[in-house]
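Peer 1: Take a look at the following structure, please.
Please treat every number below as a calculation from the coordinates, not as lab data. These figures come from a predicted structure and were not determined experimentally. Cβ placement follows ideal geometry from the backbone for every residue including glycine, while neighbour counts extend to all protein chains displayed.
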Amino acid sequence: MNPATEEVIATVPASTPADADAAVLRAARAQRAWAALAPADRARLLRRFAIVVDDHLEELAQLEVREAGHPIGNARWEAGNVRDLLDYAAGGVERLSGRQIPVAGGLNVTFHEPLGVVVVIAPWNFPMPIAAWGAAPALAAGNAVILKPAETTPLTALRLAALALEAGLPEGLFQVLPGAGPVVGNALVEHPGVAKVVFTGSTPVGKQIMAKCAAGVKRVTLELGGKSPNIVFDDADLERAAAAAPGAFLDNTGQDCCARSRILVQRSVYDRFLELLEPAVRAVTVGDPADPATGMGPLISAAQRDRVRSYVPQNATAAIRGEAPGGKGFWYPATVLTPATADEPVAVEEIFGPVAVLLPFDDEADAVRLANATPYGLSGSIWTRDVGRALRMSRAVAAGNLSVNSHSAVRYSTPFGGFRESGLGRELGPDALAAFTETKNVFISTEE
Ligand code: NAD
């Protein structure tokens, strides 16, 4: 369904557990042949896949606009991110070197062996990039991949699988099984032929998947929720901090696990910051995602809009409330709330919508205490002109991805992942391929 118009744009059959069985068999066969290919040939095929994605960038972006309601500018970036991930991973195929370790009596070497069949379970908020974060390095390391897209966003995933075949990737190596998480997703997680599960989604489902993986001692990477702080000190460039704050919680209509939705502002500049923030929030244009001037589109579904609404009581006095179109579509206005206490649900639970809270703090210690006062630890930003403070805060905030005087987006070339209940393991960056291998140690005697 197009979330901006509520029009049904395609009907996709839901895969069954029997489909999962057949896909794992096909994947296992394809993986053996793939791992046996010369590394340079595997790299070349992945580069060709990147080129074919690039040739279809606009088509993929338009599909994302219609299926997920993302503004076209974002959607183009997302399709380009898939291309870049494939390119970056392809560069790793021939660099996946083991080590030679000095020992007595022979030669000791290590190999990075592929795991086998890897399952990637993706959410709906960034359907294309998150699918590729798992799939590209897994394929590059010599694995086969089965991707289970979210129920609401299967179309770009299906198109990517078709483009992989067009690029010459072997049949069965990269398969997409759309369908219900608890049905086909669960069948894949429990399947004995699956070696690793890469899950991105909500923390409760991530916990269930980790428990199921434990039963088969399967490898698992979890990228879960967040409730990340945007910490603004009184010595910061307040104009810049206020201008950047809306993007950090409104991008993707707040449906971003890294959204900086807890804006913590030093008490001495709180009023001034709020004054600067209001016009910046109001300046974000909300409307037709296909229009290049649009900054914020709709939420993904009626259910998600209900969830967001449930956090903002009808009579809540918002410090800032933006505009949203009426009529068809799952629209919700940008909203900034000032809860009376920092432990209200709206201030600690992940909302996954365009809603932020503004909370004052007194000093560095207070900022650290507030920043770490949720079960999450995914990302965060620190605004200060004091380099010592920036470093102290960077070490003290319990989160996997921090930025200073910016809200840096996730980059394919740097590691990404969560502390605490935000996840387990790391994706992306120079070590991404290693997470899809087992280290094998071999000793060769030189004794006569
Ligand atoms: P979700 O957990 O409901 O679903 C995620 C995926 O898991 C979907 O493909 C779904 O079909 C599948 N799934 C659901 N139940 C399953 C089961 N029992 N077995 C196997 N698969 C199952 O989450 P969502 O609503 O799609 O996404 C929103 C959530 O994802 C938010 O909480 C957000 O923070 C989180 N998220 C985290 C990151 C990150 O990198 N940390 C990125 C994006 C989204």
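Peer 1: Given a cut-off of under 8 Å on Cα pairs at least six residues apart, what relative contact order in percent is computed for the chain?
Peer 2: It comes to 19 percent, rounded to a whole number.
Peer 1: Using a basic spin-label model with each label point 7 Å from the Cα along Cα→Cβ, how many nm lie between Q62 and E94?
Peer 2: Reported label-point gap for Q62 and E94 is 3.7 nm.
Peer 1: Can you list the residues of the range 299-332 with backbone N under 19 Å from a point 7 Å past the Cα of A340, pointing along Cα to Cβ?
Peer 2: 311-320
Peer 1: Mean residue ellipticity at 222 nm from the helices of the chain, using -39,500 (n - 2.57) per DSSP H segment of n ≥ 4 over the full residue count, to the nearest 500 deg cm²/dmol?
Peer 2: The per-residue figure over the chain is -12000 deg cm²/dmol.
Peer 1: Further question: What is the sum of charges, Lys and Arg at +1 and Asp and Glu at -1, for the other residues whose Cβ falls under 10 Å from the Cβ of V93?
Peer 2: Around V93, the surrounding residues sum to +2.
Peer 1: Have a look at the range 229-404 and give its Rg and Dmax from the Cα atoms, expressed in angstrom.
Peer 2: When restricted to the Cα atoms of the range 229-404, Rg and Dmax are 15.7, 50 Å.
Peer 1: Another question about this same structure. Measuring from centroid to centroid over Cα atoms, what is the spacing of the range 210-235 and the range 1-50 in Å?
Peer 2: 25 Å
Peer 1: Looking at the range 46-104, which GluC sites (Glu not before Pro) are DSSP coil and have at most 15 other C-beta atoms within 10 Å of their C-beta?
Peer 2: Here the GluC sites (Glu not before Pro) that fit, given the DSSP loop and packing criteria, are E94.
Peer 1: In addition: Going 7 Å from the Cα of V348 along its beta-carbon direction, which residues of the range 383-405 have the amide nitrogen within less than 19 Å of the resulting point?
Peer 2: In the range 383-405, the label zone of V348 (backbone N under 19 Å from the point 7 Å along Cα→Cβ) covers 397-399.
Peer 1: Oh, and also: How big, in percent, is the set of alpha carbon pairs in the chain lying more than 30 Å apart?
Peer 2: For the chain, the fraction of Cα-Cα distances above 30 Å is 46 percent.
Peer 1: Would you mind counting up the charge near A434? Only other residues with Cβ under 14 Å from its Cβ, with Lys and Arg at +1 and Asp and Glu at -1.
Peer 2: Cβ neighbours under 14 Å give a net charge of +2.
Peer 1: Of Y412, I263, L169, which is farthest along the charge dipole of the chain in the positive direction, counting Lys and Arg as +1 and Asp and Glu as -1 at C-beta?
Peer 2: L169
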